[in-house]
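**Q** If you scroll down you'll find the structure; I have some questions about it.
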Amino acid sequence: MKDGKITLEDVANLARVSRTSVSSVLNNAAPVRMSAATRQKILDAAQKLNYRRNIVDHFFIFQKNSLNLKTANFSNPSR
């Protein structure tokens with residue numbers, strides 16, 4: 001927990017899983033090989049810690065990734 005904010009890492013530590021697993025479950029990502037028990041353990045940990053996604057950070061990460069993809073397309077004019 002940094003600056004009093006609950007992070008994915010905090011949820012991962014409580015659930016004893018990776019940050020990637022937590023992210024996949026909380027973002028309802030495409031099929032992830034994970035047991036129902038592990039998925040529930042992550043959801044329980046997030047609820048116990050009162051985890052809330054930071055919408056502003058999420059938006060900027062999305063914009064950054066989108067910009068990188070657009071830049072990548074322009075860097076190779078043969079495509």
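We did not get these values from a lab; they are worked out from the coordinates using the rules stated. Since the structure is predicted, the reported quantities are computational estimates derived from the model, not experimental observations.
**Q** How many residues, within segment 1-17, are hydrophobic (A, V, I, L, M, F, W, C) and part of a loop (DSSP other than H, G, I, E, B)?
**A** 3
**Q** So, one more: Quick one: in segment 18-31, which of the residues that are assigned to a loop (DSSP other than H, G, I, E, B) and under 13 Å from the mean Cα position of the chain (by Cα) is farthest from residue 54 (Cα to Cα)? Talk me through it step by step, then tell me what you get.
**A** Of segment 18-31, the ones assigned to a loop (DSSP other than H, G, I, E, B) are 18, 27-31.
Of the ones still in play, those that are also under 13 Å from the mean Cα position of the chain (by Cα) are 18, 27-30.
Values: 18: 19, 27: 12, 28: 16, 29: 17, 30: 21 Å.
The residue in question is 30.
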